[in-house]
Structure formats: C-alpha cells, structure tokens
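This report concerns only the one structure given below.
Only the coordinates and a few stated rules stand behind these numbers; no lab work does. Just so it is clear, the model here is predicted, and its values are computed rather than measured. A quick note on method: Cβ atoms are made from the backbone with ideal geometry, for glycine too, and the neighbour counts reach across all protein chains shown.
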Amino acid sequence: MRQLLLKGVKIILMTLGVAVLLVGMLFAAANAWVVGKTHSRIEHELPLCAAQPVGIVFGTSHWTRTGRRNPHFEARMSAASRLIRLRRVQHLLLSGDNRTRFYNEPITMWRDLRGRNVRDIDMTLDYAGFSTFDTLSRARDVFGVERALLVTQSWHLPRAIFIADALGLEVTGCAVPAEPVAGVWRLRMREWVARAATLGDLYLWERRPYFLGPLEPLEIMPRH
C-alpha cells in the first residue's frame, strides 16, 4: 500500500514538473517571437528615432507607491518633449487611464509637457487608454492614426509594436533613456507574462477595446 502511495505521488510530481516545463517553454517561445519580430524597429537614441507624424505616449502613474516621482513617467515626458523639439514627431497622442476623477494619466502628462513648453495644439489627450491594446486600437479607430512613433521604455516596446502590427498600424519604437531603477525586474517579469498573454488576446480570444467612441481625427498643425 505504501509503495503504491509513493508511486502515485511520484507520478503526480512528474506530471506537475512536465506541465511547468511546458508552460515555461511556451512563455519563452512567445517572448522570443514577440521580441524577434520587433527588435529591428526599436531605436535607443532619440535623435535617430524615425520621423513620424504622430508620437503615441503611453500613460503610467506619476508617482510610485512610496510617494516618489515615477522615473518611468519622467523618462517618457522628457523623451516626448525632446522628440517634439527635434521634430521627430509633429503631434503627441497622450493616452492613459482615467477610470476615476482621482486618477487621470492623460491630464497629468499634458500638464507636465506644458511645463516643458510643448504647445497645446501639439497634444491630444486620450482618456480611455486603459491598456497598451486599448491605446493602439483607439489610436487607429478613434483618432485615425495610420503611422506613429511609439514612445515608452525599451522593455515595453516589443509588445506595443507587436500589437500595432496586428492592428495594421505602421509604427516604429523610440526607447526612452533609462536609468537604473530599483524593482525594475518586477516590471520586466510582468512584461514577460504580458507578451505571452497578448498572443492569446490577438489570436485566441479576439480581444476588443474597452471603449471606442466616435471618430475624432487628429488635427496636426505644422511647426514653423
């Protein structure tokens, strides 16, 4: 009886081990596919980023959980303002979460960029960019974007470009300058999982954006 019990436990452990191994291989393969398909379109030097009519800036929290200014937010705002000055983009689409009146990523980005002397007419706010997928879907279906420069951290760009490709957008990625940040490994791990989940969103579950709304084409004003 004891031998049968031990044998059963061994079979269960082996089965679990194989399952974990298979899941790990699937996650690794998904990440390799996403990164391999997109890495050639990511530029890490702002002045060399491909010129596009629109720069899509992805929202993130202004503050960290410890109450400090979020370095990822700071990097995106600094890069976005520089891209406008360098004329790598003509217009900025600021897309982020605004689920409650107490949390408004687009307004926070707009205020910060105004402080960096970016003109109001060069910015459009998207209040329903609840996720990377929603931001890019709305850029295409609400704001009429066809070509864009994606502005975010290097670890986020492969997934963003991959989603844009699936939506038929013509994009390149501009990786914002990064400084060493404590706990960034958690973000990278979460992104690793998100890349695999994205494949399911696009090819299995046919994900739809949370909210679209009427067409509001961007008004891009020339800079003199």
Check your understanding: So what's the angle, to the nearest 10 degrees on a 0 to 90 scale, between helix 132-141 and the longest Cα principal axis of the chain?
Key -> 50 degrees
Check your understanding: Amide H to amide H, which residues 5 or more places from Phe58 or on other chains are under 5 Å from it, using H placed in the peptide plane?
Key -> Val151
Check your understanding: Once the Cα atoms of helix 2-38 and of the chain are each reduced to a long axis, what angle between those two axes, in degrees from 0 to 90 to the nearest 10, is obtained?
Key -> 20 degrees
Review point. Which is farthest toward the positive dipole end of the chain among Leu22, Asn104, Pro214, measuring Cα position about the Cα centre, with Cβ charges +1 (Lys, Arg) and -1 (Asp, Glu)?
Key: Leu22
**Study point:** Magnitude of the charge dipole, region 36-203, Cβ model with Lys/Arg +1 and Asp/Glu -1, debye to 20
**Key:** 440 debye
Practice item. Give, in nm to one decimal, the length gained when the segment between Asp122 and Phe102 is fully stretched (0.36 nm per residue of separation minus the Cα-Cα distance). Key: 4.7 nm
Revision key, fill the gap. Over region 92-143, the quotient of the Cα radius of gyration and 2.2 N^0.38 Å is 1.11
Practice item. Using a/c under 1.5 as the rounded threshold, could you call region 22-63 rounded, prolate or oblate? The axes a ≥ b ≥ c are square roots of the C-alpha gyration tensor eigenvalues, and prolate needs a/b larger than b/c, oblate otherwise. Key: oblate
Exercise for review: Could you work out which residue, out of Leu46, Leu167, Leu22, moves most in a Gaussian network model of the chain, that is, has the largest mean-square fluctuation with Cα springs under 10 Å?
Suggested key: Leu22
Check your understanding: Is it possible to state the helix-based mean residue ellipticity at 222 nm for the chain, with each DSSP H run of 4+ residues giving -39500 (n - 2.57), the sum divided by total residues, to the nearest 500 deg cm²/dmol? What is it?
Key -> -15500 deg cm²/dmol
Check your understanding: For labels at Ser78 and His39 in the simple 7 Å Cα→Cβ model, what's the distance in nm?
Key -> 2.6 nm
Practice item. Using only Cα atoms, locate the centre of region 24-60 and the centre of region 134-153, then give the distance between them in Å, rounded to an integer. Key: 14 Å
Review point. Roughly speaking, what % of Cα-Cα pairs in region 36-203 are separated by over 30 Å, rounded to a whole number?
Key: 9 percent
